[in-house]
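To start, the structure itself, in structure tokens.
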Amino acid sequence: MVGEHETLRKVFVLDPVAPVAADAATRWLVPLDEVDDEPVPLPPPDPSDVALFLLSGGTTALPKLIPRTHDDYAYQTRASAELLELGPDDVYLAVLPAEFNFTWGCPGVVGTLRSGGTVVLVDAPIADECFETIARERVTFTSLVPTLVQLWLEAAEWSTADLSSLKLLQVGGARLPRSVAERVSPVLGCRLQQVFGMAEGLLTLTRATDTEETVLTTQGRPLSPDDEVGIVGPDAAELPPGSTGELLTYGPYTLQGYYRAPEHNARAFTEDGFYRTGDLVRLTEDGALVIEGRIKDMINRGGDKVSAGEVEEHLLAHPSVAEVAVVPVPDPFLGERVGAFVVPDGPPPVLGELKEALHGDGLADYKLPEWLAIVDKLPLTGLGKVDKKALAAGAAARIQAADAAASESAVGR
């Protein structure tokens, strides 16, 4: 065991006789009897001590540890619970994995329990099973990612479960297309709250007092009046309201550095301590945040930048498209082209049909999809988000196989 793990220094054992005798020279093994002693006083807890570690998303790189302190996480869960006006009569359905920050503390599990409410856990986000749980436990609110919202909306059309107790559906974790947002209240009978957040801290939410347009098209305003946000361009210069750029943030519950990651921290934070989120956003005139996508979710088509989220929203408006994911596909001349994986609603659409529809919507020609794959379903990560990394790799493999087959056919002639 010690040889396999370079950082291992001691192994404490309950049965010391045989292993400790064999280990006498190196003393890797230590009997627990030898370390029994009177307890020593421990330092008092400090509110700024680390309370828990969350994991960064890790979809494009190895996950990093995010230290959340007692005071910052207590504030986040308390303030978000107060915003939702939670009380003892509220019942939260934890559909997504409980270790997900959205589920755990926005206000989620912790915020509900500290408000005196009840938390109900389910094994899987399967719509009909969750609907039965909502009816049985009289669930008042829950939180989902957009892909699951679409599945729930489809299932609700034929479900007979009583969802009358459900007052609020929080949606976050990825961009929610307007066409999907507009169906939430009519189909599920509850209020929609759009949420944008990150395990690193900043949380923005729409409010019950917001206009319908704000709720349908934005991710709301920051949770805390002390949250600071800035939007900058590629040159790090601050952009005016309405412009799209990278979101920077600093606030009372946003991390000051990843755990034991000095090199990454040097890139992830500005000199004055603002966290570079990697999210592309813009601010509306009334200060609401609109998430346009991730910087890494941009397709570079011969120097023209294409937002995958923008193209997806246009495609979802097509009657033959049930679900869609837009990813970069390799091109020997342009570097990348716009590719789309489509789950059809009825007869599958063809590429020309989709391009014509998007062109008619006013989408620029360089943003139109140039590669299409029809699939039965989209792969999801453990958090229910579309696994675009797997899709991009799959698209590249398909194109490579098609090119190889074409070359063999040409040689055969």
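The values are calculated or read from the model by the stated rules, or taken from the named source; none is laboratory data. These numbers come from a predicted model, not from an experiment. A quick note on method: Cβ atoms are made from the backbone with ideal geometry, for glycine too, and the neighbour counts reach across all protein chains shown.
If only residues of the stretch 333-385 that are within 21 Å of Ile299 (Cα to Cα) and without any contact (Cβ under 8 Å) to a residue 12 or more places away in the chain are counted, the one that is surrounded by the most Cβ atoms within 10 Å (Cβ to Cβ) is His359.
So, restricting to helices (runs of 4 or more DSSP H) that lie completely within the stretch 68-132, which ones have at least 2 residues that are farther than 19 Å from Leu144 by Cα, at pLDDT 95 or above and among the hydroxyl-bearing types (Ser, Thr, Tyr)?
Values: elements: 70-83, 101-105, 108-114.
Of the helices (runs of 4 or more DSSP H) lying wholly inside the stretch 68-132, those with at least 2 residues that are farther than 19 Å from Leu144 by Cα, at pLDDT 95 or above and among the hydroxyl-bearing types (Ser, Thr, Tyr) span 70-83.
Only one of the numbered conditions (1) modelled with pLDDT under 70; (2) in a loop (DSSP other than H, G, I, E, B); (3) among the aliphatic types (A, V, I, L, M) is not met by Leu42, and that is (1).
Step by step: first the residues of the stretch 178-228, then only those that are β-branched (Val, Ile, Thr) and assigned to a strand (DSSP E or B), then the one that is surrounded by the fewest Cβ atoms within 10 Å (Cβ to Cβ). Which residue is that?
Just the residues of the stretch 178-228 that are β-branched (Val, Ile, Thr), to begin with: 180, 184, 187, 195, 204, 206, 209, 211, 214-215, 217-218.
Among the residues that remain, those that are also assigned to a strand (DSSP E or B) are: 195, 204.
Values: Val195: 20, Thr204: 23.
Filtering first and then ranking leaves Val195.
Number of residues in the stretch 70-93 that are free of Cβ contacts under 8 Å to residues at least 40 places away in the same chain and in contact with a strand residue (DSSP E or B) (Cβ under 6 Å, 6 or more places away or on another chain): the value is 1.
Taking into account only those residues within the stretch 258-269 that are surrounded by 14 or more Cβ atoms within 10 Å (Cβ to Cβ) and either in contact (Cβ under 8 Å) with a residue 60 or more places away in the chain or of a type in the set (A, V, I, L, M, F, W, C) (or both), which is nearest to Pro67 (Cα to Cα)? Restricting to residues being surrounded by 14 or more Cβ atoms within 10 Å (Cβ to Cβ) and either in contact (Cβ under 8 Å) with a residue 60 or more places away in the chain or of a type in the set (A, V, I, L, M, F, W, C) (or both), the top hit is Tyr258.
Looking at Thr147, Thr133, just one residue is closer than 28 Å to Val290 by Cα and touching a residue at least 40 places away in the same chain (Cβ under 8 Å), and that residue is Thr147. For the stretch 232-248, check the following and say yes or no: at least one residue is of a type in the set (S, T, N, Q) and within 23 Å of Val184 (Cβ to Cβ). There is no residue in the stretch 232-248 that is of a type in the set (S, T, N, Q) and within 23 Å of Val184 (Cβ to Cβ). Restricting Leu84, Leu113 to residues that are of a type outside the set (D, E, K, R), over 17 Å from Gly197 (Cβ atoms) and touching a Phe, Trp or Tyr at 6+ places or on another chain (Cβ under 9 Å) narrows the list to Leu113. Scanning the stretch 134-150 for residues that are of a type outside the set (Asp, Glu), surrounded by fewer than 17 Cβ atoms within 10 Å (Cβ to Cβ) and in a helix (DSSP H, G or I) yields a single hit, Arg136. Residues in the stretch 315-339 that are over 16 Å from Gln150 (Cβ atoms) and either assigned to a helix (DSSP H, G or I) or not β-branched (Val, Ile, Thr) (or both): Pro328, Pro330, Asp331, Pro332, Phe333, Leu334, Gly335, Glu336, Arg337, Gly339.
Restricting attention to the stretch 368-383, does a residue exist that is within 24 Å of the chain's Cα centre (by Cα), among the aromatic types (Phe, Trp, Tyr) and at pLDDT 90 or above? Spell out how you get there, then give the answer.
Taking the stretch 368-383 as the starting set, the residues that turn out to be within 24 Å of the chain's Cα centre (by Cα) are 375-383.
From what is left, the residues that are among the aromatic types (Phe, Trp, Tyr) are none.
No, there is no match, as no residue in the stretch 368-383 is within 24 Å of the chain's Cα centre (by Cα), among the aromatic types (Phe, Trp, Tyr) and at pLDDT 90 or above.
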